[in-house]
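Enquirer: Submitted below is the structure of interest, expressed as structure tokens.
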Amino acid sequence: MQRYAVFGSPIHHSQSPRIHAEFARQTVIALEYVAIEAGHAEFATALAASGVSGANVTLPLKEDAFALCGERTSARARRAGAVNTLIRQGDRWHGDNTDGLGLVRDLTERHGLDLRERRVLLLGAGGAARGVAPALLDAGIHSLYIVNRTAARADALADALGEPGRVHARALDALPGLGEFDLLVNATSATRGGALPVLPMSLAGPRSVAVDLSYGEAAVPFLAWARAAGCAQALDGLGMLVEQAAESFLLWHGVRPETDAVYTALRTQADALVTAD
Ligand code: ATR
């Protein structure tokens, strides 16, 4: 039986084993998919020792995985500077990134949004932000404002995206002057270790959609802000998680599984957990 894994730290909360088990059942493909705890120092050794045919990579390893692949990366992984999917090629690894497509599929297909000509705010400029920014641009948005606590990182991401007419880097203290956005994406890890930066209500209006790339407790503060600011929709990252997994599954197995059933099951569980707290 072929073995697959997700690597990251912390990894105990990962839903990926459950998602891939469901995809395997649905497509009648025999595989094992496990979660392996590894930080920067252990990643390369743990990957080599795992015997996997393919792997997903999550926090904080997406840039490590990109470096590990050397030249063997997809164009979208190079634009993101980050890899979330590893495909074994003999004794080497090919790296791809399905995060951005996962987000865009969730927004457009599951939630029915039309991203074309939208004015988009991206909060954060780390690995998560880099993963989704190229796909948002490819989806035809009008403009992307990248705002990050460390302004130099926002500048670096804007430069890397290479579309000065559409992509703008701004400092956090510029937020009050940026006006209203159609789509607001929280790609910071702020609530995992601290508090969300202060976000003025003027960023959102009654047609705005807010999405947090995380889910569960980590997504609660931003989604609460979005509702208070009057956004039409406040979405967490659960749909993106399922869609990026389906794209990884397609890369490994040549078939794209159906995602609605597993999304609905995870949604029910996540809502019950958040409500219980
Ligand atoms: P990830 O892969 O989740 O993006 P990362 O590369 O460590 O992880 O990036 C974390 C992002 O969250 C960064 O944009 C970070 O801002 P800095 O570049 O200034 O570090 C942002 N972030 C983390 N904690 C934050 C906080 N308390 N307030 C604002 N932004 C924060």
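Enquirer: For region 56-100, name all the residues that are open to solvent by 60 Å² or more (accessible area, probe 1.4 Å), more than 16 Å from the ligand (Cβ to nearest atom) and within 16 Å of the chain's Cα centre (by Cα).
Expert: 76, 78
Yes/no matrix, rows are residues, columns are (1) surrounded by fewer than 22 Cβ atoms within 10 Å (Cβ to Cβ); (2) more than 16 Å from the ligand (Cβ to nearest atom); (3) of a type in the set (Gly, Ala, Ser):
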site: 170; (1), (2), (3): yes, no, no
site: 186; (1), (2), (3): no, no, no
site: 190; (1), (2), (3): yes, no, yes
site: 193; (1), (2), (3): yes, no, yes
site: 212; (1), (2), (3): no, no, no
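Enquirer: Of a type in the set (Gly, Ala, Ser), in contact (Cβ under 8 Å) with a residue 24 or more places away in the chain and touching a Phe, Trp or Tyr at 6+ places or on another chain (Cβ under 9 Å): which single residue out of 129, 160, 210, 195 fits that description?
Expert: Residue meeting the stated conditions: 210.
Enquirer: To continue, here is another question. Just to check your reading of the model, which residue among 179, 205 is on the phi > 0 side of the Ramachandran plot, more than 15 Å from the ligand (Cβ to nearest atom) and either charged (D, E, K, R) or modelled with pLDDT of 95 or more (or both)?
Expert: Of 179, 205, the one residue that is on the phi > 0 side of the Ramachandran plot, more than 15 Å from the ligand (Cβ to nearest atom) and either charged (D, E, K, R) or modelled with pLDDT of 95 or more (or both) is 179.
Enquirer: A follow-up question, please. Looking at residue 103 and the list (1) in a helix (DSSP H, G or I); (2) under 30 Å from residue 48 (Cβ atoms), which single condition is not satisfied?
Expert: Going through (1) in a helix (DSSP H, G or I); (2) under 30 Å from residue 48 (Cβ atoms) one by one, residue 103 breaks only (2).
Enquirer: Further question on the same structure: Any residue in region 89-106 that's of a type in the set (Gly, Ala, Ser): show its pairings with residues that are open to solvent by 40 Å² or more (accessible area, probe 1.4 Å) and at pLDDT 95 or above at Cβ separation under 8 Å, as long as the two are six or more apart or on different chains.
Expert: Correct list of pairs: 95/66; 95/68; 95/72; 100/138.
Enquirer: Right, residue 222: closer than 30 Å to residue 96 by Cβ and within 16 Å of the ligand (Cβ to nearest atom) or not?
Expert: In short, yes.
Enquirer: Another one. Filter region 121-144 for residues that are in a strand (DSSP E or B) and within 14 Å of the ligand (Cβ to nearest atom); which is nearest to residue 196 (Cα to Cα)?
Expert: Checked region 121-144; the qualifying residue nearest to residue 196 (Cα to Cα) is 123.
The values are calculated or read from the model by the stated rules, or taken from the named source; none is laboratory data. A quick note: this is a predicted structure, and the numbers were derived from the prediction, not measured. Counting neighbours? That spans all protein chains shown, and the Cβs are built from the backbone with ideal geometry, glycine included. In case anyone asks, the SASA skips ligands and DNA or RNA and just uses the protein heavy atoms, side chains included. Shrake-Rupley method; radii C 1.70, N 1.55, O 1.52, S 1.80 Å.
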